[in-house]
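Contents: one structure, followed by commentary.
What follows draws every value from the coordinates through simple rules; no lab data is involved. What you see is a predicted model, and the numbers here were worked out from it, not measured in a lab. We place every Cβ from the backbone using ideal geometry, glycine too, and count neighbours over all the protein chains shown.
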Amino acid sequence: MYYSLIVLSIICFISMPLSVSASPATDSFESARSLMSKSNYKPALEALNKAITLDPGYADAYGARAILHYKMGQRQKSYDDSRKSLLINPKNSLAYLALGLSKLGSGQFSTAIPDFEKSISADAKQSEAYIGKAIALVGLGNNKESIAMFTNAIKLDPQNTNILLGRGRAFELDGNSKSAIEDFSKAIKLAPSAEAYMARGRSLNSIGDYKSALDDLNRAITLNPKLVQTYCDRAKALAALGREKDSESNYRAALKLDPRNSQALFELSSIQLSSGQVSEAVKNLSQLVLLKPNFINGYILRAQCYRKLSKPNEAIADLSTAIRLDPKSKFAYAHRARCWNDLHSPEKAAADYSSIIQLDPDNTEALLGRANAMINSRHFDKALSDLSKLEERSFALDAQFYGTRAYALMNSGKSEQAVDDYSEAIKMNSRVPELYRDRAKAYEKLGKHDLAAADIETANRLSARQ
C-alpha cells in the first residue's frame, strides 16, 4: 500500500524541467506542469496536447504526456509518447521515467530499473527516478539498496513525506523497526496524515508497543476513516491488548469497506474459530480461498474448522490442497495426520508424520505422533524405535512418554521393562487410574498376581474419587 501511494506521488508531483525560453508552446508546458502538481489531469493533458501541436519537436512535452497517460491508465499511449520523446531526444529523463513507471506498475521490477537509471543519468536531480528504482528494488527483495535510493531522493526533496514513508517501509522490511519509526515520525512532523500514522502504528505493532500503536491507528482513522488497512492493524493491536471483541469489530469494519480484503477475512475467521463461531469462519474462509486460491493458510485454517465440526474428510481435502501447494508444509502434514487418526487410519497418519520427519529429522512432535500411530497399527517395534530416538534427542520425558513406551514394551513381550516404565510414569503422575490398570496387566504377564491386584485396587479407588 505504501508504495502505491508513492508511485502516485511520483506522478502527481513530477519534477518537470523549467522552460528555458518563453514561447506559446513553453507557456502551455508550464501550465501543464502546474496542473499536474495539483492532480488536475484532464486540463493538464489539454495543455500538453496544445504544447505538442505548437511544437511537434518538444521532447519534454511528450515525456510529460507519457507520464500523464500512465496515470490515466492509458499505458499504450504512455509507451508511444515515451518513444516519440526519445526519438527527438535519446536522453530525455522524463521519457525514461515514464517507461520505468509503466514497467513498475505491471510488476516488471528487473526491467524497470535500467529505465530509472537512464532517467537518473540524463538528469541526476530527478528524485522521482530514484524513488522508482527504490520501489523496484523492494519488489526484488533488495531492501538495503532500496534504502540508499530513497536516501538519495530525500536529499533532493527533503520535504516529501511520501519518500520518508517509502524509506520507512524499506527499513521495516529490512528488520530495522527503530529507523522505520524515525522516518514515519519525521513524516508526521512535516505533515500529519492518516497514511503516516498508519505506517508508524504498524511499526509499533511489530515491536510490541501495542498501546502506542493503538494511539497512532486511532489518529489515522480519525483523519481518514476509509483506510481499510488501518482497521486491520488496529484489530491486531486490540487483540494483543486482550480486547478480542473490539478486535473482531475492527476486522468487520475493514470488510464493510472492502468485502474482499483477504487479511481481514483470515484474521476474523481465526477469531471466530477460537470463539466457537466455526460455521461463520468456514463461510469467510471459503470466500477467502476463492479470492486467493493459492493461499495455503486459508486451507489449513478451514481444515481446522472442519475438524472442529467433525468433518474429517473435508478437512483432509483442504490439507491435501495445502500440501499440493506447498509440499514442505510441516503444519499441513501434522494436521492431516490428526485427521487420519480421527478416521482410525493410523497407517496414513504415520505416513504424514514420516513426511514431516523427512523434512525435519529432529521434529520430536512428529516422532511422538508417528510412534503413537505405529502403536495403533500394532507395529510396536517401529514405535519403540521412534521412542528411543526421542529419548536420544533429550525429549521432555513425562508420564505420557513413559506410559506410551510401557504399552509398546508390554505388547512386544517385554513386560519387565514395561513395569519399569509404568512405575516411572506413576512417579510423575500418581493420579491416573489407567496407568495402574496397565501396570497390573504387565504384572499379570509376569505372574505377579498380588502386585497386579494391588494396582487394580488403587485404580478403582482413584476412579471412585474422580
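Test of the criteria: in the stretch 364-466, which trypsin sites (Lys or Arg not before Pro) are in a DSSP loop and have at most 14 other Cβ atoms within 10 angstrom of their Cβ? Within the stretch 364-466, the qualifying trypsin sites (Lys or Arg not before Pro) (loop, at most 14 other Cβ atoms within 10 Å) are Arg378, Arg393, Arg431. Evaluating 6.51 cos²θ - 1.76 cosθ + 1.60 at θ = phi - 60° for every residue in the stretch 336-345, the Karplus couplings come out as 5, 4, 5, 5, 4, 4, 4, 8, 6, 10 Hz, glycine and proline recorded as x. Helical content of the chain, expressed as a calculated mean residue ellipticity at 222 nm, amounts to -25000 deg cm²/dmol (DSSP H runs of 4 or more residues, -39,500 (n - 2.57) each, divided by residue number, nearest 500). The slack between Leu173 and Arg83, meaning 0.36 nm per residue of separation minus the straight C-alpha distance, is 28.9 nm.
Spin-label model, Lys308 to Asn218: label points 7 Å out along the Cα-to-beta-carbon direction sit 3.0 nm apart. Cα centroid separation, the stretch 84-154 to the stretch 451-466: 79 Å. Calculated FRET efficiency, Ala240 to Glu280, Cβ-Cβ distance, R0 = 22 Å: about 0.45 to the nearest 0.05. Reported to the nearest whole Å, the Cα centre-to-centre distance from the stretch 367-408 to the stretch 296-330 is 26. Straight-distance candidates among the lysines for linking to Lys71, with alpha-carbon spacing under 25 Å and chain neighbours fewer than 8 residues away dropped: Lys38, Lys42, Lys50, Lys84, Lys91, Lys103, Lys118, Lys125, Lys133, Lys226.
Among His344, His379, His69, sorting on how many other beta-carbon atoms sit within 10 Å of each Cβ, with the fewest leading, yields His344, His379, His69.
Counting beta carbons within 10 Å around each of Ser279, Ser269, Ser377 and listing the fewest first gives the order Ser279, Ser377, Ser269.
Phi angles of the stretch 147-158 translate, via the Karplus equation with coefficients 6.51, -1.76, 1.60 and θ = phi - 60°, into HN-Hα couplings of 4, 4, 5, 4, 5, 4, 5, 5, 4, 7, 9, x Hz per residue; Gly and Pro are given as x.
A straight chain from Lys189 to Ala454 at 0.36 nm per residue would run longer than the Cα-Cα distance by 87.6 nm. The HN-Hα couplings worked out from phi for the stretch 217-224 by the Karplus form 6.51 cos²θ - 1.76 cosθ + 1.60 (θ = phi - 60°) are 5, 4, 5, 4, 5, 4, 6, 8 Hz, whole numbers, x standing for Gly and Pro.
Length gained on full extension, Ser206 to Leu343, computed as 0.36 nm times the residue gap minus the Cα-Cα distance: 45.3 nm. What do you get for the angle between helix 228-240 and the principal long axis of the chain? Use alpha-carbon atoms, 0 to 90 degrees, nearest ten. Once rounded, the angle reads 30 degrees.
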